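The values are calculated or read from the model by the stated rules, or taken from the named source; none is laboratory data. Predicted, not measured: the structure shown is a model, and the values here were computed from it. Neighbour counts are summed over all protein chains in view; Cβ atoms, including those assigned to glycine, are modelled from backbone coordinates with ideal geometry.
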Amino acid sequence: MKKLLIVDDSALMRRQLMTLFQAEGDFAIRQARNGDEAVRACRDFQPDVVTLDINMPEMDGLTALSLIMAERPVAVVMVSSLTEASALVTFEALHLGAVDYVAKPGGTITLSTDRIAPELIAKVRGAAAVRPTAFRAKRGASSAGASARRIQEERQQIAPAPNTARSGAFEGLLVVGASTGGPRALEIVLSGLPGDFPWPVLVAQHMPGAFTRAFADRLNQCCALNVREVANTLSVEPGNIYIGKGSADVVVASRAGRLAVLSVPESPHYLWHPSVERLGQSVLEHFDARQTIAVLLTGMGNDGSEAFAEIKKRGGLTVAESEKSSVVFGMPGELVAKGGATVVLAVERIARQLTDWANSPCSTRRPAEAIKAR
């Protein structure tokens, strides 16, 4: 039986979350009303997973999280409202060590709980499965803001500014998918790409619509490439990273003989959105797999694994984030299980591999069979 700590200043919300997880039948549950109680409860109760509200009296969730992670690291799922301000705080929480987040939609508390219940249960279960030793090691590996800034400072010394004149034809396409733990992993990978990275970059990160604009803006501050949210149809150009808008799907298509990226309504055929699988399938339909690199980062489930395995089968190159650096090895693990990973790399090593591949002539890139996972 897993131990769950519910932290929220609303008595009604605590009661409803208590009822929700009691019905699951395999959680021992304790409650806390604010950040100060949460810190003490983590010390005494030693939960396996914590749901943590952000806005609370006496001590807010972000302060509590920093103290919890310093004293006894534990898997934390943030519970945040759907506002841009909350999005910014949520990304800070992820960089402090939170595993995941659930966005509370507007409306009454009862309605909000009903809407988020399936997602919250799935994410709490996924977080509870994170091994504490791996989680602690991961925190040390990617304290994101400082890590990203350091990488960018190093790149600025050796890489030229993006060549915005290189519009039109381009040799290849980089496609990246992520879910749980993805914001931190994406910041590490994308900030490690130099300003002269020659290929456009398309990203599908499972995220609500109210969060992706703030996420794109945050990435734009630490990346040498331009980062744009895909809220409408955009021409795909080198020098740009395209982040799929949340609560929708992102796909590529041909427009007037050129490749374009666009936001489309969620498809019920896919569980999570923006769907990595749907993006990958659209790439297979409209672009040469032999000129594609696909990267599958941390996340629950198997989203993207089939399409990315097919990209490798058709001659493309693929990267699966290693189990050691993943918050959850589900998605990259599925790619490995399908034989679809050209290499398996810790998150800190991925950007260098992508840069080497993209800057190598097609004729000199090593075939997938010759590259050993490491």
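Any idea how many residues of region 312-359 are among the β-branched types (Val, Ile, Thr) and over 19 Å from the mean Cα position of the chain (by Cα)?
Here is the first cut: in region 312-359, the residues among the β-branched types (Val, Ile, Thr) are 318-319, 327-328, 336, 342-344, 347, 350, 355.
Filter again for over 19 Å from the mean Cα position of the chain (by Cα), leaving 342-343, 355.
Counting residues in region 312-359 that are among the β-branched types (Val, Ile, Thr) and over 19 Å from the mean Cα position of the chain (by Cα) gives 3.
Hey, could you check region 73-96 for residues that are farther than 18 Å from residue 45 by Cβ and small (Gly, Ala, Ser) and say which is modelled with the highest pLDDT?
Here the residue is 93.
Restrict the check to region 178-189 and report whether at least one residue is part of a strand (DSSP E or B), assigned by TED's automatic domain parsing to the domain that holds residue 333 and either modelled with pLDDT of 90 or more or polar (S, T, N, Q) (or both).
Let us first name the residues in region 178-189 that are part of a strand (DSSP E or B), namely 178.
Adding the requirement that they be assigned by TED's automatic domain parsing to the domain that holds residue 333 leaves 178.
So of that shortlist, the ones also either modelled with pLDDT of 90 or more or polar (S, T, N, Q) (or both) come out as 178.
For region 178-189, residues part of a strand (DSSP E or B), assigned by TED's automatic domain parsing to the domain that holds residue 333 and either modelled with pLDDT of 90 or more or polar (S, T, N, Q) (or both): present.
So, residue 283, is that one surrounded by 19 or more Cβ atoms within 10 Å (Cβ to Cβ) and not acidic (Asp, Glu) or not? Explain how you work it out, then say what you get.
Working: surrounded by 19 or more Cβ atoms within 10 Å (Cβ to Cβ): yes; not acidic (Asp, Glu): yes.
Yes: the conditions hold for residue 283.
Please indicate, with yes or no, whether at least one residue in region 305-320 is among the basic types (Lys, Arg) and in contact with a Cys (Cβ under 9 Å, 6 or more places away or on another chain). Reasoning before the result, please.
Of all residues in region 305-320, those among the basic types (Lys, Arg) come to 312-314.
From what is left, the residues that are in contact with a Cys (Cβ under 9 Å, 6 or more places away or on another chain) are none.
Looking for residues that are among the basic types (Lys, Arg) and in contact with a Cys (Cβ under 9 Å, 6 or more places away or on another chain), one finds none in region 305-320, hence no.
Out of region 15-54, which residues are over 23 Å from residue 71 (Cβ atoms) and touching a strand residue (DSSP E or B) at 6+ places or on another chain (Cβ under 9 Å)?
Answer for region 15-54, where residues must be over 23 Å from residue 71 (Cβ atoms) and touching a strand residue (DSSP E or B) at 6+ places or on another chain (Cβ under 9 Å): 15, 17, 18, 21, 22, 26.
Return a yes/no flag: does region 358-367 have any residue that is outside any loop (DSSP other than H, G, I, E, B) and at pLDDT 95 or above. I'd like the intermediate steps shown before the answer.
Kept after step one, since they are outside any loop (DSSP other than H, G, I, E, B), are these residues of region 358-367: 358, 362-364.
In the following step, the residues that additionally are at pLDDT 95 or above were identified as 358.
There is at least one residue in region 358-367 that is outside any loop (DSSP other than H, G, I, E, B) and at pLDDT 95 or above.
Only one of these is of a type in the set (A, V, I, L, M) and out of contact with any helix residue (DSSP H, G or I) (no Cβ under 7 Å at 6 or more places or on another chain): 261, 344, 251, 319. Name it.
Numbers: 344 fails: out of contact with any helix residue (DSSP H, G or I) (no Cβ under 7 Å at 6 or more places or on another chain); 251 fails: out of contact with any helix residue (DSSP H, G or I) (no Cβ under 7 Å at 6 or more places or on another chain); 319 fails: out of contact with any helix residue (DSSP H, G or I) (no Cβ under 7 Å at 6 or more places or on another chain).
Going through 261, 344, 251, 319 in turn, just one is of a type in the set (A, V, I, L, M) and out of contact with any helix residue (DSSP H, G or I) (no Cβ under 7 Å at 6 or more places or on another chain): 261.
Could you identify the single residue in 268, 200, 238, 208 that is over 15 Å from the mean Cα position of the chain (by Cα) and surrounded by fewer than 22 Cβ atoms within 10 Å (Cβ to Cβ)? Outline the logic, then answer.
Working: 200 fails: surrounded by fewer than 22 Cβ atoms within 10 Å (Cβ to Cβ); 238 fails: surrounded by fewer than 22 Cβ atoms within 10 Å (Cβ to Cβ); 208 fails: over 15 Å from the mean Cα position of the chain (by Cα).
Unique residue meeting the criteria: 268.
Tell me which residues, restricted to region 1-16, are crowded, with 16+ Cβ neighbours inside 10 Å and in contact with a helix residue (DSSP H, G or I) (Cβ under 7 Å, 6 or more places away or on another chain).
If we filter region 1-16 for residues that are crowded, with 16+ Cβ neighbours inside 10 Å, which is where we start, we get 2-9, 13-14, 16.
Result: 2, 3, 4, 5, 6, 7, 8, 13, 16.
Has region 240-248 got any residue that is under 20 Å from residue 350 (Cα atoms) and among the hydrophobic types (A, V, I, L, M, F, W, C)?
Initially, region 240-248 is screened for residues under 20 Å from residue 350 (Cα atoms), giving 240-243.
This time we only want the ones that are among the hydrophobic types (A, V, I, L, M, F, W, C), so: 241, 243.
Looking through region 240-248, at least one residue is under 20 Å from residue 350 (Cα atoms) and among the hydrophobic types (A, V, I, L, M, F, W, C).
Picking from 339, 304, which residue would you name as being touching a Leu at 6+ places or on another chain (Cβ under 9 Å) and on the phi > 0 side of the Ramachandran plot? Outline the logic, then answer.
On the way: 339 fails: touching a Leu at 6+ places or on another chain (Cβ under 9 Å).
Criteria check complete, one pass: 304.
Go through region 5-42 and report how many residues are within 23 Å of residue 129 (Cα to Cα) and touching a Leu at 6+ places or on another chain (Cβ under 9 Å).
17
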